[in-house]
DNA sequence: CCGCATCCCTTTGGATACTG
DNA sequence: CAGTATCCAAAGGGATGCGG
């Protein structure tokens, strides 16, 4: 098992070592993916459809947006709802309780950044 | 200016757009570098020398450790002190107030992870 | 309208070797 | 002991184009 990981990549191996020694890094790797928290935040503010998100972030590409939405879904940070009786069909996302709890901490991070980076230094 | 950025890399351009639109991402890019928060945390727990950190994280390479220490220094999250009267000379790091404030939030992140990932799912 | 597959480029981290 | 320089491999994101 260990040798199998090693064969794949030392990088991957280090990730496992790290994950085992400290769960924080797992969380950081989850939330730090680019655009991810912006997307989560936007969804919580009712920018909750693929096309709306595309308009909100013109610089993000489709497949990254799709990938992030998929990650957020599998991590249980957002829910996906398909609106019936629409053609072409419509998809609406919403932040879960878990996702909203995360946003609270993200907001604290933002405050930390504002406080420590702008005023003091 | 914008065209100059564009020429360099669309990726870089997007980073600028993102940075302008939301400071949170800047912070995430700062704290999410691999090993970084572990290093900061370890330093706050008096694992505060290059060699000690190497022992604490056998899987990390020298130059990444050095790079992270440099980043933490320039960001004002840690301080560097050279111990006099030692040969070979010795370097001791310590977490700044700013760094410790960050660790508080990182700890909340950890708690969020434990609470939301383990018990519910 | 909502995405995914493919290809390519940029970024990042690791290995080895070297300096003060 | 405390790093730095160079080179290289892996991962992540973007552009284009296609499918449901």
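Quick note: the coordinates plus some simple rules give every number you see, no bench work behind them. Keep in mind it's a predicted model, so treat the numbers as computed, not measured. Here the Cβ is made from the backbone with ideal geometry for all residues, glycine too, and neighbour counts use every protein chain on show.
Taking all Cα pairs closer than 8 Å and separated by 6 or more residues, the relative contact order of segment B:43-91 comes to 22 percent. Between residue B:74 and residue A:104, the C-beta separation translates, for a Förster distance of 30 Å, into a calculated FRET efficiency of about 0.55. Using only Cα coordinates, the Kirkwood hydrodynamic radius of segment A:59-118 works out to 13.7 Å. Taking the centroid of alpha carbons for each part, segment B:83-99 and segment B:102-116 are 28 Å apart.
For residue A:49 and residue B:90, a Förster radius of 45 Å and the Cβ-Cβ distance give a FRET efficiency of 0.20, rounded to the nearest 0.05. Considering segment B:19-110, its Cα convex hull presents a mean projected area of 6.7 nm².
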